[in-house]
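The values are calculated or read from the model by the stated rules, or taken from the named source; none is laboratory data. Because the structure is predicted, anything quoted here is derived from the model rather than measured. When we count neighbours, we look across all protein chains shown, and the Cβ atoms used for this are built from the backbone with ideal geometry, even at glycine. Just the protein is used for accessible areas: all its heavy atoms, side chains included, with ligands, DNA and RNA removed. Shrake-Rupley method; radii C 1.70, N 1.55, O 1.52, S 1.80 Å.
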Amino acid sequence: MDLRFKVNLQGIIDLLSNHLYSSPKVYIRELLQNAVDAITVRSKADSGFSGSVSIELFEPSGENPGTLIVEDNGIGLTEDEVHQFLAVIGQSSKREEFFQKRSDFIGQFGIGLLSCFIVSDEIVLITKSAKSSYAVKWVGKYDGTYKVCRLEEDVSIGTKIFLRCRAGSEEYFQAQPLKDLLVHYGCFLPYPIYFSTGKNKVLINKEKPFDFSKESLLESDRESILEYGRKVFEEDFMDYIPLFSKTGDISGVAYIISHKMNPSSRRKHRLYLKKMFLSDSVENLLPEWAFFLKCIVNCNDLQPTASREELCDDKKLYQVQSELSECIRNYLVDKARFDKARLREIIMIHTLSIKALSLEFDELYKLFIDWLPFETSVGTLTFKEITNRTNVIQYTSNIDEFRQVQRISAAKSICILNCGYIYDTEIVEKLPEFFHNIHIERVSPTDISASFEELDYNQREKAFEFVKIAEVVLQPFNCLVRIKKFEPSELPALFVIDEEANLIRNIENTKEVSNSLFSSILGQISENISSSSKAQLCFNYNNSLVARLINASEKELVCMSVEIIYIQSLLMGHYPLNPKEMKLLNSSLLNLIDYKL
Amino acid sequence: MDNRLEDLILEAHSLPEGKAKLLLLEEVARMADSQNDIETGFNIRKEIVRQGMFNGHHLNAITAFSWRLACCEKYPQEFDISNLLWEYKWIVNLVYLFPDVPKDKIEQLFEDMKNKYNQEGASLRPYYCMKCKYLFGSGFGEMAEEYYSKWINSPRDSYSDCKACDVDNQVYYLLYTKNYEKALDIVQPILLRRLSCAEVPHITYNRLLLPLLELGRLDDAQSFHEKGYKLIHKNKGFLEYMGNHLLYLTITDVNMALNVFEKHFQWAFDTLTLYYKFDFYLASWVMFLKLKKIGKDDVKVHLQKDCNIIEKYNLNTIEDILAWFEKQTRDMANKFNTRNGNDYFNIMIQDKLKLVDFQP
């Protein structure tokens, strides 16, 4: 004989509450969902019917555990349905088949009710179906047992659920938090939801500036929609964009955040599913670049994940994302035409978002490019201001190189763009596609130092001995020696290093401090990276100190000076000294003192 | 800590993931070092390890890690080694991607990782898993089998990979051993999104592409290609997986493959991580062979300026291009084979070259 497993209900509930749902409070959502579903079904059958839900709370006091009563006048359950929905838990294949047919439902009755066991040991449900002549009472217990009986007395059509507060769950049976929770979940629900604590009765879903209908989103007063956003998210917004998507039957509002956002911060949109609150941390509703928006959106036809707190990542969702992004684009294009001030404001605050967007859509690239700001060696300039100065755009592709270049180019007041930040390189490299008169040129610190004025033959001959000594001195430090003429002349030398050489320097320095295993691993790797790129120390022929060193006759003095200039240029560039260099610093300083004495 | 250092840290934190952030973090580390601020140096390098690991700058990650490790060994009172266990498994998984690191050093590294895990009383599950990956990724299939069994039979603890990654790694191994049925079975929770994380299902889709083509499940393969590519195409850290998308497209839609090649070649060209470079170059070689096979001899290849091999090396005909990729790929394969003492990378080349004629 085949035996059946017994499933421990307490265990299942523990699993649900601790893993599937993000908080025990979801039982309120499940109760509201069941009520709304029941009303929806009844109103389909009877158009004259007006549904409503009442929630009554008796707070726990003294000996009395609290009780929560949720009543709806929806379709109700027949005795058969009670057995079918409330006794079988998680019977997946049947359940899916069953609920697919009823896709106009938000929830799944039995599973939803189960979540009430998170806060209650006993659930009593009294229901009368519109299809039945008598009412049924179901009593379910936390230990997994339940009873069903017919009721003699007559009750009106609908369902009434009684939850008795479990000892320890009192916090969920307090009037104010409960009311807040009901507003949180049900404020957009299409049927009136009432809440009372015996004395006064309040309507939970009072009128809103919009109810997700197209008319309300497009025609409501701008200020009141902004005000609503302020209330919900507790922050000010610059403006909002009405959103619509045919796919998923979606509508809502995207608020434009009024401060800078970090693109890697989590986006948290508030999503309603058939006007029932689903989640306030949906991340994947909008495309990635839309991190300057916070949405309140309702969808009627999208699949949430099992926890019902996120959207399933499928083809349909991509379609939704692309329709919503169309709304955002249209808004921005519209601003570019009719409200340039606002667009400029958005670009200044949400530069990264706008840059990402420009890369995604050529049409927007052309529209926005003039306004996009870039960090340059002469301060932050918009693209328009840059092209007013020059049509040869010079840029570095990483921050390190920019900082080195900046030191040199500032003296010459050349405008060089720092494209080390995300998107900037891609934006600049796209320029020639759109503007035929603009040339772009990627520069590295070595390019800049290469562009310094060369010495003439006589000068080279004069400096020959000096360069030779310097090369010998710096050879153990993997540093090349150059001598050129450049501004400012107070600068005796400049240490330049490109990305790869910098990495090698970093590896070499770390090798010195690492344990023997890592030291040999790092050594083996760095040895084989192309050693073509090296750091270099470029001496300034225009500098008076260098001029004197070139003429100096004492070789020892020149060596010491080169050592100190090398160390000093490292320090100026914030390059930490490795032990070898540290030793050099100490010895050459002491030697110098010694020499002088 | 002085103000400039503090400002720099704030600025670094405000930046999105990527190279700019990494370079700023490196600058913070340099400055902290020059001020002898060991604590800041230690903490900031944790982020460098993470950034480097997930954004494709693996050498920076290894370098920062070895600095951190040295710190823990030098000052065990101040810096607890348990801080490093999580990162250690990333590092062992990176080091063998560089063929210049000799085999005995890799072995020593795994030994050291194992000792550190044992010292902290941690489960060896991550050690077995990483070693298994290294072994089958370097052609030591038989030894890998042993480690696979140890891995899945060890308990999970707080140093173990997340569940999603763990299952993904198992799928990876099962696919490698051609145990498709079992792989497709245990991958279900990932496909149903019951398990997910920052890299899963992104990389899982990718692993399944070629096996699904082999099994004739073309619709699934196409859908996984679309989803997977969309998830990884913006982050250079996923270079490792781009080769598979390229191969998939080479078989199903070679024009599209060329697009993807043009878009991501720069990643492969720039990377110092030779294993991944090899992977992408091999896929590119296969793609150009396919283009030639279907008569597209005059194919125009558009590459960004600094990785434009066509101009740099005067690759005027498709034969030139093929020869260049073949040489590059074989040179790298030789380095790995010499290090590993086998011919596994040649076998990989042979296997992938067969895809030129593969009809799904």
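Being in a helix (DSSP H, G or I), touching a helix residue (DSSP H, G or I) at 6+ places or on another chain (Cβ under 9 Å), open to solvent by 30 Å² or more (accessible area, probe 1.4 Å) and at pLDDT 95 or above is a description that applies to residue B:244. Counting only helices (runs of 4 or more DSSP H) wholly contained in segment A:1-113, the ones carrying 3 or more residues that are modelled with pLDDT of 85 or more occupy A:26-45. Based on this model, can you work out whether residue B:43 counts as part of a helix (DSSP H, G or I) and open to solvent by 10 Å² or more (accessible area, probe 1.4 Å)? Here the answer is yes, as residue B:43 does meet what is asked.
The residue that is most open to solvent (accessible area, probe 1.4 Å), counting only those in segment A:411-435 that are at pLDDT 80 or above, away from every other protein chain (no Cβ under 12 Å) and in a helix (DSSP H, G or I), is A:434. Given the criteria out of contact with any Ser or Thr (no Cβ under 6 Å at 6 or more places or on another chain), facing chain B (nearest Cβ under 8 Å) and on the phi < 0 side of the Ramachandran plot, does residue A:529 qualify? Yes, satisfied. Scanning segment B:323-360 for residues that are open to solvent by 20 Å² or more (accessible area, probe 1.4 Å) and farther than 26 Å from residue B:134 by Cβ yields B:323, B:324, B:326, B:327, B:357, B:358, B:359, B:360.
Results for (1) not hydrophobic (A, V, I, L, M, F, W, C); (2) not in a helix (DSSP H, G or I), shown as yes or no for each residue.
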| site | (1), (2) |
| --- | --- |
| A:503 | no, no |
| A:522 | no, no |
| A:525 | no, no |
| A:548 | yes, no |
| A:562 | no, no |
| A:568 | yes, no |
| A:575 | yes, yes |
| A:580 | yes, no |
| A:585 | no, no |
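Applying the condition of being buried (at least 18 other Cβ atoms within 10 Å of the Cβ) and more than 13 Å from chain B (Cβ to nearest Cβ) to segment A:570-590 and asking which residue is modelled with the highest pLDDT yields A:584. I'm trying to understand the selection: among the residues of segment A:476-498, which are part of a loop (DSSP other than H, G, I, E, B), on the phi < 0 side of the Ramachandran plot and open to solvent by 10 Å² or more (accessible area, probe 1.4 Å)? Matches in segment A:476-498: A:487, A:488, A:489, A:490, A:491, A:492, A:498. Among the residues of segment A:503-525, is there at least one that is in contact with a strand residue (DSSP E or B) (Cβ under 6 Å, 6 or more places away or on another chain) and more than 8 Å from chain B (Cβ to nearest Cβ)? The answer is no; no qualifying residue exists. Here residue A:337 passes the criteria (1) in contact with a strand residue (DSSP E or B) (Cβ under 9 Å, 6 or more places away or on another chain); (2) away from chain B (no Cβ under 14 Å); (3) not small (Gly, Ala, Ser) except the one numbered (1).
Here segment A:532-546 is the region considered, the condition is being open to solvent by 20 Å² or more (accessible area, probe 1.4 Å) and part of a helix (DSSP H, G or I), and the residue that is nearest to the other protein chains (Cβ to nearest Cβ) is A:545. One residue alone among A:438, A:448, A:408 is of a type in the set (A, V, I, L, M), within 30 Å of residue A:353 (Cα to Cα) and either in contact with a helix residue (DSSP H, G or I) (Cβ under 7 Å, 6 or more places away or on another chain) or at pLDDT below 85 (or both), and that residue is A:438.
For segment B:297-338, residues that are outside any helix (DSSP H, G or I) and free of Cβ contacts under 8 Å to residues at least 24 places away in the same chain total 9.
Here residue A:471 meets the list (1) of a type outside the set (Lys, Arg); (2) in contact (Cβ under 8 Å) with a residue 12 or more places away in the chain; (3) surrounded by 13 or more Cβ atoms within 10 Å (Cβ to Cβ) almost entirely, failing just condition (2). Say whether the condition of being free of Cβ contacts under 8 Å to residues at least 24 places away in the same chain, over 19 Å from residue B:127 (Cα atoms) and either more than 7 Å from chain A (Cβ to nearest Cβ) or not basic (Lys, Arg) (or both) is met by at least one residue in segment B:100-112. Scanning segment B:100-112, I find no residue that is free of Cβ contacts under 8 Å to residues at least 24 places away in the same chain, over 19 Å from residue B:127 (Cα atoms) and either more than 7 Å from chain A (Cβ to nearest Cβ) or not basic (Lys, Arg) (or both), so the answer is no. Taking first residues from segment A:438-463 that are over 13 Å from residue A:416 (Cβ atoms) and partners that are open to solvent by 10 Å² or more (accessible area, probe 1.4 Å) and among the hydroxyl-bearing types (Ser, Thr, Tyr), the Cβ contacts under 6 Å between residues at least 6 apart in sequence or on separate chains come to A:455/A:541. Taking segment B:248-282 as the range and being open to solvent by 10 Å² or more (accessible area, probe 1.4 Å), farther than 16 Å from residue B:303 by Cα and part of a helix (DSSP H, G or I) as the test, the residues that pass are B:251, B:252, B:254, B:274, B:275, B:276, B:277, B:279. Of everything in segment A:154-178 that is over 20 Å from residue A:117 (Cα atoms) and in contact with a Ser or Thr (Cβ under 9 Å, 6 or more places away or on another chain), the residue that is least open to solvent (accessible area, probe 1.4 Å) is A:158. Go through the residues of segment B:70-90 one by one and say whether even a single one is over 26 Å from residue B:241 (Cβ atoms), in contact (Cβ under 8 Å) with a residue 12 or more places away in the chain and facing chain A (nearest Cβ under 9 Å). Within segment B:70-90 (the criterion being over 26 Å from residue B:241 (Cβ atoms), in contact (Cβ under 8 Å) with a residue 12 or more places away in the chain and facing chain A (nearest Cβ under 9 Å)), the answer is yes, since at least one residue qualifies. In segment B:20-67, the qualifying residues are those that are more than 7 Å from chain A (Cβ to nearest Cβ) and of a type in the set (Phe, Trp, Tyr), and the one that is nearest to the chain's Cα centre (by Cα) is B:54. Here residue A:182 meets the list (1) in a loop (DSSP other than H, G, I, E, B); (2) open to solvent by less than 20 Å² (accessible area, probe 1.4 Å) almost entirely, failing just condition (1). Do we find that residue A:293 is open to solvent by less than 20 Å² (accessible area, probe 1.4 Å), within 14 Å of chain B (Cβ to nearest Cβ) and within 19 Å of the chain's Cα centre (by Cα) in this structure? In short, no. With respect to being over 23 Å from residue B:54 (Cα atoms) and either under 21 Å from the mean Cα position of the chain (by Cα) or open to solvent by less than 30 Å² (accessible area, probe 1.4 Å) (or both), residue B:144 fits the description.
Here A:550, A:567, A:593 are screened, and the one residue that is within 14 Å of another protein chain (Cβ to nearest Cβ) and among the aliphatic types (A, V, I, L, M) is A:567. Hey, among the residues in segment B:165-189 that are of a type in the set (D, E, K, R) and more than 22 Å from the chain's Cα centre (by Cα), which one's surrounded by the fewest Cβ atoms within 10 Å (Cβ to Cβ)? Filtering segment B:165-189 for residues that are of a type in the set (D, E, K, R) and more than 22 Å from the chain's Cα centre (by Cα), the one surrounded by the fewest Cβ atoms within 10 Å (Cβ to Cβ) comes out as B:181. Does residue B:227 satisfy being of a type outside the set (A, V, I, L, M), in a helix (DSSP H, G or I), under 15 Å from residue B:241 (Cβ atoms) and open to solvent by 20 Å² or more (accessible area, probe 1.4 Å)? It is true that residue B:227 is of a type outside the set (A, V, I, L, M), in a helix (DSSP H, G or I), under 15 Å from residue B:241 (Cβ atoms) and open to solvent by 20 Å² or more (accessible area, probe 1.4 Å).
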